Amino acid sequence: MHVLVTGATGFVGGRLVPALRAAGHTVRALVRDADPYDPASDVEVVEGDLLEPETLDSAFDGIEAAYYLVHSMRAGGDFEERDRRAATNFADAASAAGLERVVYLGGLGEDLDDLSPHLRSRREVETVLSGGDYDLTTLRAAVIVGDGSASFRMVRQLVKRLPVMVTPRWVANECQPIAIDDVVAYLVGVLDAPATAGETYGIGGPDVLTYREMLVRTARAMGRRPPKVVSVPVLTPQLSSYWVGFVTDVPASVARPLILGLRNPVVVTDDAIRDHVHVELTPFDDAVAKALGTGAATDATAPASPPNPEAGSG
Ligand SMILES: NC(=O)c1ccc[n+]([C@@H]2O[C@H](COP(=O)([O-])OP(=O)(O)OC[C@H]3O[C@@H](n4cnc5c(N)ncnc54)[C@H](OP(=O)(O)O)[C@@H]3O)[C@@H](O)[C@H]2O)c1
């Protein structure tokens, strides 16, 4: 298939592009700035900004399927409004070009929950994209474990720098992290599974963990003494987002919405994706080892260019 990848410079997109090539697809990458982007020579690169619809005219020409792997948290401020506009412009351009399929990677979280602004915005993007004239497949994921993921970088740096953490009650919330290789395998797999067109799936790894367990197991994988995590009812996620900002180098514009999202349990409630795409799921500890550089690497999912230290904001 002739496939367009938006967000190709990002944490997920940077790994998806080589995996799509390895699966035999012809790939075009949409990037805002082509200069620092250095993919394999057979990847076609087009410049375009989803917030400037006039730049998108030629990006969709001849494309059969597209991936939407974009969000604008890094720019700070009103990311919800920007993400709404970017998704609208994408849906309009993809519909006008007659695309058959679009695949979107969004966030897990129950619809009935009081979703954080970040997760609410991810869900809104899903709704906007579903209004296009193509079949949308949505995959919803929680924390993605991999080198370059902002959420995993926060976990790693917290463990490294804080022997004691005073946290709100969210440390007891459940999360179902998933390895980046498994996310990429699902993203590639749904394209070859026609039954997934028009459907929404939760994707998660084999382990459901509380955030406390994630911190402890990451510490062990790093060969460090697990942090003492003291949860207190009076501390709000809002306040925690400030101290996490001080302790880690993840930009505050990214760290704060992610921390505020920790109040929502993010666990897969329906495994239906497994009827259509078979992925040998990576245990959390193995995914962490690989993200830390102590596990085995596979060529198909290696990023085309060095991971962007700012990337990986989901
Ligand atoms: N990382 C996670 O743990 C995680 C978890 C669950 C879901 N997800 C989802 O996975 C998707 C990808 O996340 P990620 O972690 O790979 O994010 P990321 O590394 O921050 O990448 C975001 C991408 O969006 C691009 N972008 C931003 N604004 C744009 C615009 N106006 N026009 C065109 N491109 C634009 C960026 O391009 P520039 O290089 O030009 O800035 C970058 O390539 C998102 O939908 C996210 O919600 C991620």
Please check which bits of the range 196-222 a label hung off residue 269 would reach, taking the label as a point 7 Å along Cα-to-C-beta and the cut-off as backbone N under 15 Å.
200-203
Could you look at the range 5-59 and say what percent of its accessible area is carbon and sulfur, using a 1.4 Å probe and all protein chains?
42 percent
Given the peptides 54-62, 257-265, arrange them by the average over their residues of other C-beta atoms within 10 Å, most packed first.
257-265, 54-62
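Which value in deg cm²/dmol, rounded to the nearest 500, describes the helix-derived mean residue ellipticity at 222 nm for the chain, given -39,500 (n - 2.57) per DSSP H run of n ≥ 4 and division by the residue count? Don't jump to the answer; show the numbers that get you there.
Values: 9 runs with 105 residues, N = 314.
Calculated at 222 nm, the ellipticity per residue is -10500 deg cm²/dmol.
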So, by mean Cβ neighbours within 10 angstrom, what's the order for 63-70, 222-229, 29-36, 203-210 with the highest one leading?
63-70, 203-210, 29-36, 222-229
Range of Cα positions in the range 145-236 per principal axis (Å), largest first:
49, 29, 20
Taking 0.36 nm per residue of sequence separation and subtracting the Cα-Cα distance, how much length would be gained by fully extending the chain between residue 253 and residue 157, in nm to one decimal?
32.9 nm
Given Cα positions, please report Rg to Rh for the range 206-285, the hydrodynamic radius being the Kirkwood one.
1.03
Which shape class, rounded, prolate or oblate, goes with the range 76-137 when its Cα gyration tensor gives a ≥ b ≥ c as root eigenvalues, a/c under 1.5 marks rounded, and past that a/b bigger than b/c marks prolate?
oblate
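Using the Cα gyration tensor of the range 1-114, with a ≥ b ≥ c the square roots of its eigenvalues, what is the shape: rounded (a/c below 1.5), prolate (a/b larger than b/c) or oblate (neither)?
Working: a/c = 1.44, a/b = 1.39, b/c = 1.04.
Rounded, since a/c falls under 1.5.
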Label-point gap, in nm, between residue 114 and residue 41 - each point 7 angstrom along Cα→Cβ
5.8 nm
Local net charge near residue 31, Cβ-Cβ under 12 Å (Lys/Arg +1, Asp/Glu -1):
-4
How would you classify the range 44-110 from its alpha-carbon gyration tensor, with a ≥ b ≥ c the square roots of the eigenvalues: rounded for a/c under 1.5, else prolate if a/b is greater than b/c, otherwise oblate?
oblate
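Once the other residues with Cβ under 12 Å from the Cβ of residue 276 are scored (Lys, Arg +1; Asp, Glu -1), what is the net sum? Could the numbers behind the result be given before it?
Numbers: positive: 274; negative: 192, 199, 271, 275.
Counting the neighbours of residue 276, the net charge comes to -3.
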What percentages, rounded to whole numbers, describe P(r) for the chain computed over all alpha carbon pairs with 10 Å bin width beginning at zero?
6, 29, 37, 22, 6, 1
Between residue 230 and residue 92, how high is the FRET efficiency from 1/(1 + (r/R0)^6) when r is the Cβ-Cβ distance and R₀ = 35 Å? Nearest 0.05.
0.10
Under a Cβ-Cβ cut-off of 10 Å, what is the net charge of the residues other than residue 84 that fall near it, where Lys and Arg count +1 and Asp and Glu count -1?
-3
When the charge dipole of the chain is computed with +1 at the Cβ of Lys and Arg and -1 at the Cβ of Asp and Glu, the Cα pointing farthest to the positive end, of 94, 69, 130, is that of 69
With DNA, RNA and ligands ignored, accessible area of residue 116 (1.4 Å probe; Å², nearest 10)
0 Å²
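Remind me, relative contact order of the chain in percent, using alpha carbon pairs under 8 angstrom and six or more residues apart? Each step should come with its number before you reach the end.
Numbers: 638 pairs, mean separation 73.6, N = 314.
Across the chain, relative contact order equals 23 percent.
The values are calculated or read from the model by the stated rules, or taken from the named source; none is laboratory data. If you're wondering where the values come from, they're calculated on a predicted model, not measured in any experiment. All Cβ positions, even for glycine, are placed from backbone atoms using ideal geometry, and neighbour counts span all protein chains on display. Areas reflect the complete protein model, heavy atoms only, side chains present, ligands, DNA and RNA absent. Shrake-Rupley method; radii C 1.70, N 1.55, O 1.52, S 1.80 Å.
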